[in-house]
Amino acid sequence: MAAASAVRAVGRRSRRLFDIFVAEVPWTVSSKELKEYFSQFGSVQRCQLPFDRDTGFHRRYCWIKFSTPEEVQNVLQKDSHILEGSKLTLRQQSRRRRSQRKNQSE
């Protein structure tokens, strides 16, 4: 019984989100390039670069998901991040899964 609860606890920890919000992304940078750039700090699991349906251009911001909190700290420790001559603005996200928010509101 204790082993099963330990396995569930590890599963919950691995599903936590370790995201960074990135603003001021140059128009010419793709999600592939962002993922390649941030890979120098750790394992990038996902790069979400939203696009505007009307214009077809991305919205100049994105979210980066890393595997561990240590990798997020690696990114945040660097003074400035510059891609194609533009300085990126980074902020650590404290997003929770919807199910976690729902449970806390009850």
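Observations
- Filter result (surrounded by fewer than 18 Cβ atoms within 10 Å (Cβ to Cβ), under 20 Å from S86 (Cβ atoms) and either small (G, A, S) or in contact with an Asp or Glu (Cβ under 9 Å, 6 or more places away or on another chain) (or both)) within region 31-47: S31, E33, S39
- The residue that is modelled with the lowest pLDDT, among those in region 1-21 that are touching a Lys or Arg at 6+ places or on another chain (Cβ under 8 Å) and open to solvent by less than 30 Å² (accessible area, probe 1.4 Å), is D19.
- Selection within region 31-56 - assigned to a loop (DSSP other than H, G, I, E, B) and in contact (Cβ under 8 Å) with a residue 24 or more places away in the chain: G42, S43, L49
The values are calculated or read from the model by the stated rules, or taken from the named source; none is laboratory data. In this text the structure is predicted, and so the values were computed from the model without any measurement. Using ideal geometry, Cβ is built from the backbone for each residue, glycine included, and neighbour counts are taken over all protein chains shown. The accessibility values were calculated without ligands, DNA or RNA, using every heavy atom of the protein model including side chains. Shrake-Rupley method; radii C 1.70, N 1.55, O 1.52, S 1.80 Å.
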